[in-house]
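Structure first, commentary second.
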Amino acid sequence: MDKIYDMIIIGGGPGGYTAALYAARAGLKPLLIEKMSVGGQMALTEQIDNYPGFETGVDGFSLGEKMKQAAERFGAETKFASVLSADLKSEPKVIKTSNDVFYGKTVVISTGADPRELGVDGERELRGRGVSYCAACDGMFFKGKTVVVAGGGNTAAADIMVLSRIAAKVLVVHRRDSLRASKVYHDALMKAENVEFFWDAQVTEILSDGGKVAGVRIKNLKTGEETAVDCDGIFVAIGRKPASELFADQLDLDERGYIVAGESTETAIPGVYAAGDVRTKVLRQVVTAAADGAVAAHYAEEYLAGRK
Ligand code: NAP
């Protein structure tokens, strides 16, 4: 029990690091455990224009680093490890990683969400060989080439914008006849000369040649007709799935796998909070994840003080 913390935060995105900042600044002892690199999904975002305070926007990687440093300035600790199990009901709560066991009086789950897969033939085998889930990370590999973007939400729209500046041609495959993405993207996308839309359509297979993506098979959902189209890469941008499996047997999840928690971030287990994209909420953004982190730290403080 030598490693007992006031708060263990699982996941180093904006929700996690804001909880760490608020907790540390309130004089608590927080430990944040992150499996890879800090920043979460925002670290994969080239340009963030809708987080306040940055008049020309900021790249997500730098913002993640800044959030980490801000929390560490007040004494928050970070450990890089994968959490293998969490016993949320015991007192204190027990968090196991590959080579350590940590004890926390409270736990904030801010594990975010991972990209959803299309689930078609060729996708898994060709991942990293032309199949990508992050235009900001991999777009540069497709300079002057032809790429497909699957999806029609804000992620897809942002990816199309990035890729249209790099690739020779961007083919967008969307299963409906209009984009779900915010209006702010529509005009720019419709004006881009190298962007072509396949409406009411779905990618049904990713084709390869020599172990690399060489094309996709596209099905028109209205006519049923399938066409093979040549391309050098495909960016899958069809939403996210919450990283909540580890907690599924202890917490309530909704039908899409999000941890059920309201604006207070409190879960059904006292002293356990869900912050950011992993919880049920209407708007999943950096600013709303950060807000959740602050709220989680507040309720954790109340809980630790015996007021909750
Ligand atoms: P999203 O808004 O859920 O959109 C997912 C898109 O993929 C939808 O167009 C959906 O089609 C399509 N789709 C889902 N499953 C599919 C499948 N199996 N096959 C083909 N298409 C499929 O997800 P997101 O774009 O990743 O955004 C996630 C959240 O982050 C949203 O709240 C979004 O606003 C936010 N975000 C914001 C920005 C920004 O610029 N402010 C940027 C990125 C993300 P349907 O339309 O038919 O459902």
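Overview of values
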item	result
Residues satisfying the stated conditions in the range 161-190, i.e. more than 9 Å from the ligand (Cβ to nearest atom) and touching an Asp or Glu at 6+ places or on another chain (Cβ under 9 Å)	V162, S164, A167, K169, V170, L171, V172, D177
Residue within the range 109-120 that is among the hydrophobic types (A, V, I, L, M, F, W, C) and surrounded by 23 or more Cβ atoms within 10 Å (Cβ to Cβ) present	yes
Pair list, Cβ < 6 Å and 6+ apart or interchain, from the range 119-144 residues that are closer than 19 Å to D59 by Cα to residues that are away from the ligand (no atom under 16 Å from the Cβ) and among the aromatic types (F, W, Y)	none
Within the range 260-272, tally of residues that are more than 21 Å from D6 (Cβ to Cβ) and either in contact with a strand residue (DSSP E or B) (Cβ under 9 Å, 6 or more places away or on another chain) or of a type in the set (F, W, Y) (or both)	2
Of the criteria (1) touching a Lys or Arg at 6+ places or on another chain (Cβ under 7 Å); (2) buried (at least 16 other Cβ atoms within 10 Å of the Cβ), which one A135 fails	(1)
Search result, residues across the range 270-289 that are surrounded by 24 or more Cβ atoms within 10 Å (Cβ to Cβ), within 23 Å of G153 (Cα to Cα) and not acidic (D, E)	A275, G276, V278, R279, V286, A289
Hits in the range 83-124 - residues which are among the hydroxyl-bearing types (S, T, Y), closer than 20 Å to A20 by Cα and either part of a loop (DSSP other than H, G, I, E, B) or in contact with a helix residue (DSSP H, G or I) (Cβ under 7 Å, 6 or more places away or on another chain) (or both)	T106, S110, T111
Breaking point among (1) of a type in the set (G, A, S); (2) modelled with pLDDT of 95 or more; (3) farther than 28 Å from G112 by Cβ; (4) surrounded by fewer than 18 Cβ atoms within 10 Å (Cβ to Cβ), for G215	(4)
Residues of the range 83-124 classified as at negative phi and within 16 Å of the ligand (Cβ to nearest atom), total	12
Residue check for K241: under 22 Å from E123 (Cα atoms) and away from the ligand (no atom under 16 Å from the Cβ)	no
Set K29, K35, K68, K3: member being more than 19 Å from I95 (Cα to Cα) and in contact (Cβ under 8 Å) with a residue 12 or more places away in the chain	K68
Filtered residues of the range 78-125 (kept if among the charged types (D, E, K, R) and either farther than 24 Å from T267 by Cα or within 20 Å of the chain's Cα centre (by Cα) (or both))	K79, D100, D114, R116, E117, D121, E123, R124, E125
Matching residues, the range 167-181, being out of contact with any Gly (no Cβ under 9 Å at 6 or more places or on another chain) and either in contact (Cβ under 8 Å) with a residue 40 or more places away in the chain or surrounded by fewer than 24 Cβ atoms within 10 Å (Cβ to Cβ) (or both)	K169, L171, D177
Scope the range 231-245; condition at pLDDT 95 or above and either loosely packed, with under 14 Cβ neighbours inside 10 Å or small (G, A, S) (or both); matching residues	G233, A237, A243, S244, E245
Members of the range 125-160 found to be more than 15 Å from the ligand (Cβ to nearest atom) and either on the phi > 0 side of the Ramachandran plot or in a loop (DSSP other than H, G, I, E, B) (or both), listed by number	E125, L126, G128, R129, G130, K143, G144, K145
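The values are calculated or read from the model by the stated rules, or taken from the named source; none is laboratory data. As the structure is a prediction and not an experimental result, all values here were calculated from the model. For neighbour counting, all protein chains shown are included, and Cβ atoms are generated from backbone atoms with ideal geometry for every residue, glycine included.
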